[in-house]
Amino acid sequence: MQYIGFILSFLINIIFTFAFIPTGREFHSSILIDKKLYFSGGVLSAIDVTNELFYLDFSKSFKITNNASIPWVDLTYTNGPLKHSATACIGGNNNDTIFIFGGFPYDDYFVNQFNTSKQQWTNITTNGPTYREDISCAKFNNGLIAIFSGYINNLTFAKNDLWIFNSLTLSWSLSNATNAPSSRFGYNAITLPDDNILYIGGSNPTNKSLYMPMNNLPLYNTKSDTWSSMNISGPAPPARVYFSTVLTPDRRIIIFGGRNETVLGDLWILDLVTSQWSIGNILNPIADLALYGHTATLMDNYMLISFGSFLNSSLSSRIFMLNINVLTWVDEFTLTDTTTNVSNSQFSGLMIGALVSGVISVIIFIGTIIFIYKNYERFNLYNYLPMTTTKPDDSDL
Ligand SMILES: *[C@@H]1O[C@H](CO)[C@@H](O)[C@H](O)[C@H]1NC(C)=O
Ligand SMILES: *[C@@H]1O[C@H](CO)[C@@H](O)[C@H](O)[C@H]1NC(C)=O
Ligand SMILES: *[C@@H]1O[C@H](CO)[C@@H](O)[C@H](O)[C@H]1NC(C)=O
Ligand SMILES: *[C@@H]1O[C@H](CO)[C@@H](O)[C@H](O)[C@H]1NC(C)=O
Ligand SMILES: *[C@@H]1O[C@H](CO)[C@@H](O)[C@H](O)[C@H]1NC(C)=O
Ligand SMILES: *[C@@H]1O[C@H](CO)[C@@H](O)[C@H](O)[C@H]1NC(C)=O
Ligand SMILES: *[C@@H]1O[C@H](CO)[C@@H](O)[C@H](O)[C@H]1NC(C)=O
Ligand SMILES: *[C@@H]1O[C@H](CO)[C@@H](O)[C@H](O)[C@H]1NC(C)=O
């Protein structure tokens, strides 16, 4: 009988050694670096903010309907910031560093940095913006990153200020433009190929029912430090917050989901060449799929929709994947690139390593059982158990 707990915890540890599968979450931040899609923080339940950090490895094919095939890699042991509703952009001298801005709960560090090469977090202290959430950062040339406005849990401080962070010198400068658009949160910022930043959607921090129009979009010019706007004739998507945006190489902006007074699951496409919105009719729509507080990432021809909150307010642990060329939901991520054999063999190397250490664990386990069994009379098994059961967890470090 006493062995059952031991065996169970051993098996659970073995399973965790082999596979990390993230649970449902919303208001996380995500960013693609070098074929790795990183996820940081977010909300796991009404009372639970997380500092989990992990990535999805695109150097391998996988099937989103088969949990075990999804190449997740957990980096939570790096002890990142406990935040939700923050935003992540790439910066630094090698484009290898994630910068996380804002989020809630507020703390002394508005900027957190994760160097993906060193796998190390740094808290950044600078003179710049403080305390704001539901912002969207936009990286432009030479390591510069812009953030605009946001939600502040104390309305007297809500502002329509635009700040530029230099990720090489870790310093801020405030925009001098005088005609900035009104304050907003829950919007999406996208850097266009001409170095303008386009601001889509969101709503007013002092009155959440005042949504930003979708047919008149603010444009910030990063070269001249001035604001203008993109006027769009014809149909426009319903107003929304907490949606996702990607920019395709052929200059289409695709937005998905979000919420206004209702949770949305629609797809809209803004053609930057004609400056027109059109609704994206998905050929194989998923019944009742509506999400907000998710993130979207473009990888080859796929738009990945990660996590978020469903219409029924349960949190999604799923990845949805849309082929953006034919607007079809697909299950399988297959590489279109030919330079991936090296990474694949690295992955098999890892798998072999995991298998070998698994086999060694099993041998040690059997040896331990035999040892305990042989010494049962003079060995206090009850005292021995806690030490043994906590040990496999240390291998995460
Ligand atoms: C995949 O993993 C998630 C998170 O643990 C779980 O909620 C979901 O039910 C799993 N899906 C399948 C098909 O096993
Ligand atoms: C990240 O770490 C690498 C390797 O140590 C280093 O070369 C690089 O400069 C670091 N990046 C930043 C932004 O500190
Ligand atoms: C970082 O990436 C951008 C393109 O996103 C590129 O223009 C820039 O030269 C890169 N910087 C470095 C230091 O590699
Ligand atoms: C960053 O600050 C937080 C909160 O004060 C602290 O818990 C954490 O250890 C710090 N991280 C680093 C890498 O210094
Ligand atoms: C605004 O003006 C100040 C003072 O001239 C300057 O240092 C700063 O870089 C300017 N901000 C931007 C975003 O250009
Ligand atoms: C917020 O905006 C909505 C929509 O315009 C309006 O009906 C409502 O009265 C506003 N609420 C407040 C407190 O101003
Ligand atoms: C919210 O979305 C719904 C569904 O598309 C739409 O009917 C409604 O007009 C939108 N509300 C606002 C304020 O735009
Ligand atoms: C909520 O909706 C999602 C997506 O339609 C579905 O997968 C899930 O089972 C639903 N959860 C509950 C508790 O009804």
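Before moving on, here are some points about what is shown:
- The set of residues in the stretch 248-257 being buried (at least 20 other Cβ atoms within 10 Å of the Cβ) and more than 16 Å from ligand 8 (Cβ to nearest atom) consists of 253, 254, 255.
- Any hit, the stretch 262-279, residues being assigned to a strand (DSSP E or B), charged (D, E, K, R), farther than 26 Å from residue 26 by Cα and touching a Ser or Thr at 6+ places or on another chain (Cβ under 8 Å): yes
- If the condition is being among the aromatic types (Phe, Trp, Tyr) and either more than 30 Å from residue 108 (Cα to Cα) or modelled with pLDDT under 95 (or both), then the stretch 62-89 contributes 62, 72.
- Residues (part of a loop (DSSP other than H, G, I, E, B) and farther than 19 Å from residue 236 by Cβ) located in the stretch 173-204: 175, 176, 177, 178, 179, 180, 183, 193, 194, 195
- Test: residue 81 is assigned to a loop (DSSP other than H, G, I, E, B), more than 16 Å from ligand 8 (Cβ to nearest atom) and either surrounded by fewer than 19 Cβ atoms within 10 Å (Cβ to Cβ) or under 15 Å from the mean Cα position of the chain (by Cα) (or both): yes
- Qualifying residue in the stretch 287-300 (condition: among the small types (Gly, Ala, Ser), away from ligand 6 (no atom under 16 Å from the Cβ) and surrounded by fewer than 20 Cβ atoms within 10 Å (Cβ to Cβ)): yes
- Among the residues listed as 213, 205, the single one being crowded, with 17+ Cβ neighbours inside 10 Å and either free of Cβ contacts under 8 Å to residues at least 40 places away in the same chain or within 16 Å of ligand 6 (Cβ to nearest atom) (or both): 205
- Residue that is surrounded by the most Cβ atoms within 10 Å (Cβ to Cβ) [pool: residues in the stretch 153-192 that are at pLDDT below 95 and under 18 Å from residue 127 (Cβ atoms)]: 159
- Among the residues of the stretch 71-100, just one is among the β-branched types (Val, Ile, Thr) and touching a Pro at 6+ places or on another chain (Cβ under 9 Å), namely 100.
- The stretch 16-54: number of residues that are of a type outside the set (Gly, Ala, Ser) and in a strand (DSSP E or B): 14
The values are calculated or read from the model by the stated rules, or taken from the named source; none is laboratory data. It should be emphasised that the depicted structure is a prediction, and the values quoted were computed from it without experimental measurement. Virtual Cβ from ideal backbone geometry, glycine too; neighbours counted across all protein chains shown.
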